[in-house]
Amino acid sequence: MNTLPLLLYHVQSNPVITQRLLAEKLSVSLGNVNKCIKAAAEAGYLIQKASQYHLTEKGSQKLEEFRVSNAIIIAAGFGSRFVPLTFETPKGLLEVFGERMIERQIKQLHQAGIYNITIMVGYLKEKFDYLIDKYNVKLIYNPEYSTKNTLATLYHCRHLLDNTYLLASDHWIKDNLFHAYEPNSWYSSVYMNGNTSEWCLTEDKKGRITDIQIGGSNSYVMYGPAYFDRTFSSKFISLLEEYYHRPGTENFYWEHILISNLNQLPMYLYKQPENTVYEFENLEELRQFDTKYQNHSENEALEHIASIFQIPESQITGIRCLKSGMTNKSFLFTVDQKDYIFRIPGPGTEDLINRQQERTVYEAIKDLNLSDPIIHFDGKTGYKISYYYQNSRTCDPTNPSEVKSCMEVLSKFHQSGIRVNHTFDLEERITFYETLCRRHNAIQFEDYSKVRSNMQKLLEQLTLLNPPKVLAHVDSVFANFLILPENQIRLIDWEYAGMADNLIDPAMFSIYAYYEEPQADQLLEFYLNRPPVPEESFRYYSYMALSGFLWALWAEYKISLGEEFGDYTLKMYRYAKTYYKKASKFLIVIP
């Protein structure tokens, strides 16, 4: 490691520093300190007067080459292992001992004289805005935060890489390890005994990293922040641009570039004492570190569970994230060795779903043994607690045998004769979502007026046909069909259910499975257990078109609230246009 900048720094900070203290600061022997001082003096960087050292102008200029320019804090990710806390708050904004983790790091940077700080944001980006006013930081939005990893995050701020600290917002750093000057690029590391899945480091005699292996034992591992010096940054940027555009790197961390290019990217270990840096792997680890989170998390969902089960929050264990749905967010938890699912309605759903009607549906179907058993349902908030089916999986839409079985269950349900007092009215819902979208200026499709007119033609024709209504699930997508270990099938998530034409359900399955025409036609035959008559084909294709149109509007509204759905709106809108044409071929002339 380059000892010159540290020598100059300590001499500048303390002109009367002793060689023994310098040896301690530089982690070298007294003999090496003497050689360093002599070399620096011969180079014209310092002079010695009596028992004091003084930097020359040349020495001061040399030291400036090592001044830290800025810091980048990565804070774009969701933090799935910290649900349900991160449903409300980004991980970096969680408090540890009453202090937000990201704010602690910002203050430590300030103490070292680093004020040029940029935060890379994505998930719940608005939550970080207050930091601009409080600490004069800058925010940069990473538009790919939900689909790519930290390699892409750095790509979007690569112009800032210089003499740069790189931090993660969710680290808690006990003792300040930042400085105004840094001698070399480094990665914070701690020693881990035994087996570990962390990124294990091998170093040479000078402390330079020579190898990185993912997983190992009895090793120093990457743990905490990193520092890029100017030379490192210049080489790294070129490689970063190359890797970013290389197919297959979407899930890469920026460290993957380092692993493959250690010969070009010199980086050293910055060994930390035990208990200096903390990277919390999940909520359970945070609970152990800060006991506040055991019983006073200030999280509404955990407080709700504790109230329903009449237990302290500490008895809610095994918390883990389920994949967030498009309407709701859910997580698993364990109480008394039994597993449950807690559902949290997503943003804007209070405008989209009548929770009292949903509750009515659950009560109507409870004796069918068809849905997930409900433990608690809050008709006001939409919070729902249900049993979790162990070892279950969702229907595979590419498996014809499984799909056929699901359609048989769906058909049998439609013949059950169960009724409720509310309907799912496609025309009313389209008009409603359209109104919400216009209120938020959310409709972005250029040919919307034409497509809307075509949808109205289908609605008018369906009204003339006036097919009988059954209790329909409406959201009967493949992900809502659970296959249990003994091949029993359950149909979950009934929040859109109401009286409607039965063919709306297989139509919904088709568009959410992104079926092409042959698959969609096969699905209808599975459901009917025979070939369809022309009127059934018309209704089925019409519902595929109208449902695609409906969910495209739904998603446009949700996007206006800050949700992200990738190309979902494009796919749904395409179903509206494609299956309008197919339905038109089956138009039935009714006097």
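Quick one: would you say Ile511 is modelled with pLDDT of 95 or more and closer than 30 Å to Lys148 by Cβ? Yes. If you scan segment 246-295, which residues turn out to be of a type in the set (A, V, I, L, M), closer than 30 Å to Thr147 by Cβ and outside any loop (DSSP other than H, G, I, E, B)? Hits for segment 246-295 are Ile257, Leu258, Ile259, Val277, Leu283, Leu286. None of Val16, Val11 is in contact with a strand residue (DSSP E or B) (Cβ under 8 Å, 6 or more places away or on another chain) and loosely packed, with under 13 Cβ neighbours inside 10 Å except Val16.
Do we find that Asn136 is of a type in the set (S, T, N, Q) and open to solvent by less than 30 Å² (accessible area, probe 1.4 Å) in this structure?
no
Scanning segment 306-318 for residues that are open to solvent by less than 50 Å² (accessible area, probe 1.4 Å) and either touching a Pro at 6+ places or on another chain (Cβ under 9 Å) or part of a loop (DSSP other than H, G, I, E, B) (or both) gives Ala306, Ile311, Ile316. All of Lys292, Lys329, Lys271 fail the test of being touching a helix residue (DSSP H, G or I) at 6+ places or on another chain (Cβ under 6 Å), among the charged types (D, E, K, R) and open to solvent by 20 Å² or more (accessible area, probe 1.4 Å), apart from Lys329. Note on segment 79-129: among residues that are polar (S, T, N, Q) and in a loop (DSSP other than H, G, I, E, B), the one that is nearest to Phe289 (Cα to Cα) is Thr89.
For segment 68-78, state whether one or more residues are part of a helix (DSSP H, G or I), touching a strand residue (DSSP E or B) at 6+ places or on another chain (Cβ under 8 Å) and in contact (Cβ under 8 Å) with a residue 24 or more places away in the chain. The answer is no, given that none of the residues of segment 68-78 is part of a helix (DSSP H, G or I), touching a strand residue (DSSP E or B) at 6+ places or on another chain (Cβ under 8 Å) and in contact (Cβ under 8 Å) with a residue 24 or more places away in the chain. Taking the listed residues Trp554, Trp494, the one that is over 19 Å from Leu471 (Cα atoms) and among the hydrophobic types (A, V, I, L, M, F, W, C) is Trp554, with no other qualifying.
Can you name the condition, by its number, that Tyr243 falls short on among (1) part of a helix (DSSP H, G or I); (2) surrounded by fewer than 15 Cβ atoms within 10 Å (Cβ to Cβ)? Condition not satisfied by Tyr243: (2). Within the set Asp505, Asp493, Asp501, the sole residue that is at positive phi and either modelled with pLDDT of 95 or more or not basic (Lys, Arg) (or both) turns out to be Asp493.
Among the residues here, Lys404 qualifies as more than 21 Å from Lys329 (Cβ to Cβ), open to solvent by 30 Å² or more (accessible area, probe 1.4 Å), in contact (Cβ under 8 Å) with a residue 60 or more places away in the chain and of a type in the set (D, E, K, R). For the criterion of being open to solvent by 10 Å² or more (accessible area, probe 1.4 Å), in contact with a helix residue (DSSP H, G or I) (Cβ under 7 Å, 6 or more places away or on another chain) and of a type in the set (Phe, Trp, Tyr), Phe565 passes.
With segment 381-497 as the region, which strands (runs of 3 or more DSSP E) entirely inside it contain at least 2 residues that are within 26 Å of the chain's Cα centre (by Cα) and within 30 Å of Ile305 (Cβ to Cβ)?
384-387, 481-483
Any residue at all in segment 44-58 that is part of a helix (DSSP H, G or I), more than 26 Å from Phe228 (Cβ to Cβ), modelled with pLDDT of 85 or more and of a type in the set (Asp, Glu)? Within segment 44-58, one or more residues are part of a helix (DSSP H, G or I), more than 26 Å from Phe228 (Cβ to Cβ), modelled with pLDDT of 85 or more and of a type in the set (Asp, Glu). Close Cβ contacts (under 7 Å, 6 or more residues apart or on different chains) running from residues in segment 100-128 that are under 19 Å from Thr150 (Cβ atoms) to residues that are among the basic types (Lys, Arg) comprise Thr118/Lys138. Being under 21 Å from Gly79 (Cα atoms), touching a residue at least 12 places away in the same chain (Cβ under 8 Å), surrounded by fewer than 16 Cβ atoms within 10 Å (Cβ to Cβ) and within 29 Å of the chain's Cα centre (by Cα) is true of Glu281.
Just so you know, in segment 106-164 the residues that are touching a His at 6+ places or on another chain (Cβ under 8 Å) and not aromatic (Phe, Trp, Tyr) include one that is farthest from Ile74 (Cα to Cα), and it is Ala112.
You will find that of Leu471, Leu484, Leu464, the residue that is closer than 30 Å to Asn391 by Cα and either at pLDDT 95 or above or open to solvent by 40 Å² or more (accessible area, probe 1.4 Å) (or both) is Leu471 and no other. Within segment 363-376, the set of residues being open to solvent by 20 Å² or more (accessible area, probe 1.4 Å) and either within 23 Å of Ala301 (Cα to Cα) or touching a Pro at 6+ places or on another chain (Cβ under 7 Å) (or both) comprises Pro373, Ile374, Ile375, His376.
The values are calculated or read from the model by the stated rules, or taken from the named source; none is laboratory data. Keep in mind it's a predicted model, so treat the numbers as computed, not measured. Heads up, the Cβs are rebuilt from the backbone with ideal geometry, glycines too, and the neighbour counts pull from every protein chain shown. Each accessible area value is taken on the protein alone, full model and side chains, heavy atoms only, with ligands, DNA and RNA left out. Shrake-Rupley method; radii C 1.70, N 1.55, O 1.52, S 1.80 Å.
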